[in-house]
1. Do the sum for chain A: with -39,500 (n - 2.57) for every DSSP H run of n ≥ 4, divided by all residues, what is the mean residue ellipticity at 222 nm, to the nearest 500 deg cm²/dmol?
2. Using the Cα gyration tensor of the stretch B:199-264, with a ≥ b ≥ c the square roots of its eigenvalues, what is the shape: rounded (a/c below 1.5), prolate (a/b larger than b/c) or oblate (neither)?
3. Taking the Cα centre as origin and putting +1 on Lys and Arg beta-carbons and -1 on Asp and Glu beta-carbons, what dipole magnitude results for the stretch A:467-539, to the nearest 20 debye?
4. Using a 10 angstrom cutoff on alpha carbons, build the Gaussian network for chain B and name the most mobile of B:62, B:212, B:291.
5. Along each of its three principal axes, how wide is the spread of alpha-carbon positions in the stretch A:58-210, in whole angstrom units, largest first?
6. ³J(HN,Hα) across the stretch B:96-106 via Karplus (A = 6.51, B = -1.76, C = 1.60, θ = phi - 60°), whole Hz, x for Gly/Pro?
7. Go through A:250-263, B:139-152, B:83-96 and give me the packing order, highest mean Cβ count within 10 Å leading.
8. Could you state the number of Å between the C-alpha centres of the stretch A:68-94 and the stretch B:283-338?
Amino acid sequence: MAQAGSIALAGRTPEPASGRLAQAGTVALLAGVGLLILPPLLYLASSAVQAGTLGALSIGSLAGLALTTLALAGLATVWAMALALPLAWLVVRTDMPFRNACRWLAVIPLAIPSYIGAMAYITFLGPVGSVNTWLSSLTGSHQQWLNIYGFWGGVFVLGLFTYPYIFLLVSAALEATNPSVEETARSLGESPLGVLRRVTLPMLRPSILAGGLLAFLYALSDFGSLSLLRVQVFTTAIYHQLNTRFDQAAAAMLSFVLVLITLAVLLSQRALMSRRSYVTITGTARVARPLPLGRWRWPAAALAGGILSLSVFIPVGVLLAQTGSLEQFTDVLREQWAFIRNSLALAGAAATLAMIIGFLIAFSAKRAKGPVGAAISGTIQIGYAIPGTVLGLSLILLYNTYLPWLYGTVGTLVLAYLIRFLTQSVQGIDAALAGINPHLEEAARSLAASPATVLRRILAPLVRPTLFAVWTLVFISAMKELDATLLLRPAGFDTLPVRVYIHTVEAEYAKAGALALLLIAFTALPWLVVTRLRGKKLV
Amino acid sequence: MQKLQALIYASLIAAALLGPTVAWPPLPAEAASDRLVIYSGRKEKAIKPVADAFAKQTGITVDLKTGKTSGLANEIRMEKAHPRGDLFISTESGIMEMLVKEGLLEPYQSAATKAVPDDFKSATGAWTGISGRARVILYNKNLVPEKDAPRSVLELADPKWKGKLAIAGTRERTSLAWATTLVAVKGEAFTKEYMARLEANGLKVLTDNTEVWQGVGRGEFAIGLTNSPNYYLAKKMGLPVGVIYPDQEAGGLGTPINPNAAAVIKGAGTPEAARKFIDFLLSPEGQRILVGQDYEIPLIPEADPGEVLPVKSIKRPAVGAQRLAELEEPTLKLLTAINPNW
């Protein structure tokens, strides 16, 4: 319907047939997405309502949990922003040394699953970890200097491994924003810092909010690292109800509260976004002249190096030490190649589907302004908030009961990944589309360009960096997914994270280390390829 | 340049679209009479060699799904409408009793299961113990001289161990089984007071047993309560650990042995293969492979224990699995009231 509206506005090209087709396509798309995400949500809601009680939980402990969970996710997001924003700005807009290397290294932490990051940091900063042992031998006292366990450890680790969500979207947006706005501000006598504060940051707000939201929701739904770091949050409490007490009702209740919290977060983000309009892109994707840092070049590089040490070099170093020898890699590659292939095929399929569907949804939602668009992208976002274990169990019940031919195939895994990660694609593309001046399209339409031409010639080139970014994001998330995969994988069909998990549980650390490194390498691979090609201006 | 660019685009798009299709791994075959699906909470290291030997001997394909016992049990419950697994192997019997209560297991008794002592199998034949792990006190030899190591779990409440103790929370079913056994033998009031004293003594409740034995091995804790195979694992890694099988003196409590158990899932596609596998697990060859892999205690008195203590030399409290299952919930309440980390 929105399609038809804008066509009528353009006036010249009615194209009734293709217009109706597009409309039907939009409706089918939205119905498909609804059928994908709503059933597990409704199932959760109905089990929660049926339970009607909190089981063994009291309201007080529930409030405590909510408080800890929100504080942890909030602080982790702030920490992630503190890492991501300076890094993105330095890499895209300045002449900092090694900025190209930093650019692709900065995304590597996303390829490190947070549970693996947490394990590495426990080895490094745990009570008997490398650093404490070293400090004790240095001073001769057995005092415990640093302790990664607990709330602050959780904040530290989650921020470290989620900041690339913000970095990716913000650096893509920085690239896509027209530097002439900033240059004009400079020429009008604004200081570099003033430009940053008054021009650049406001232009980046949609991307910062979208990236921050991804980091925040990740922290809300993370189970692996927080359980390792012994923090009591919603996800660990849900796990406890499910796997110790076998109390599905209490678990559903807790999950439902978590979903409601997510909903509240999403609504407030929406309110923040709608207050202002952010149309800034006028269509040049010209690269800005890098700002000369002068004598600040090396301090800037040191800052970037520090961030990358914490989030990449230290965890990878710990894993290398854990692996021990090169043969471990060749052994693992030979023995477990089939599992690596499983992971790549699954994550690739999920990423491609999520990119295509995400683009179509963001495109239709943008046109379906108002509550419909908001409801669709909101629904998709909530999928991200259902803890993996809970999602896995609800999909088992739903698919095994109603779609038994689908359940037990890898198709279930692809759908689970879409439910969890489609929002990364929709949000990213949405943010990019939000920055495109609608007059551009209208102008093209008035020049008798068909919607397809507008899409291809105008929108696609402008959102292309974002399309690469979201494909990579979803690929990375799907490569790392563990909780739902453990439950939903067909027997005999393991993925890389499942293998890392199994070998870790069985205390085969060398193997687990080698597999974790392979997981990181394969997860990062597409990102590396795309950035190289883009560096050479080939895509 | 334009051409090269177009080529790169075409190949990127082709890779994104076709890559997953071409690389698509062969799907596991649909349920066939010669395919056995095992849901296993036991370590892959322990079960896979048995499964391989079984497949070789019988020609039956075995697909293994390894995970946490509790997670797989939840899966079996959710899959009730169309069961996907044929055989369930768990690390503890309480979960089996829960599944029995929900009618999810298919009883099976044979000559092989008869050889297993009664307290390691279901009274109705719903599940059978296949190997066991004793609850032990693990200590760090650098922090605790051998002669000072506690001989009874009750000694752990002594202030001299303050701040030096660790145990896995009830997320590890064997921890719950240990506490439940104590409730069964000594009563709820006694257990409550004992656990409160452990709490006052700074007992650290960790996520899993691996954290316990490694923490003790590295010296983070002087003493840990864990399962007997972990002692051998720690020793194999060269960690300075010693082990005590507690409360073995005449008139003492004894220490529980938790069975790993196997059961046929009700509605299994290939129940016959599942039954064959249980018999194979209990056969001398199956026991040799299973027990040899992971330092477990054979439950069949005649089986060769290898390196580990044989079952008959360990004094254990006589509490049936059904009784344990009944006491599980009150025990859990008692523990979490003392410390939510349990």
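1. On the way: 25 runs with 405 residues, N = 539.
Helix contribution divided over all residues of chain A: -25000 deg cm²/dmol.
2. Values: a/c = 1.44, a/b = 1.17, b/c = 1.23.
Here the stretch B:199-264 falls in the rounded category.
3. Rounded to the nearest 20 debye, it is 580 debye.
4. Comparing B:62, B:212, B:291 in a Gaussian network model of chain B, the most mobile one is B:62.
5. Largest first, the stretch A:58-210 extends 59, 47, 28 Å along its Cα principal axes.
6. The phi angles translate into 4, 5, 5, 5, 4, 4, 8, x, 9, 10, 10 Hz.
7. The packing order, highest mean first, is B:83-96, A:250-263, B:139-152.
8. The stretch B:283-338 and the stretch A:68-94 have Cα centres spaced 49 Å from each other.
Every number here is computed from the coordinates shown, using simple stated rules; none is lab data. For clarity, every value in this text was computed on a predicted model and none was experimentally measured. Ideal geometry is used to build each Cβ from the backbone, glycine not excepted, and the neighbour counts take in all protein chains shown.
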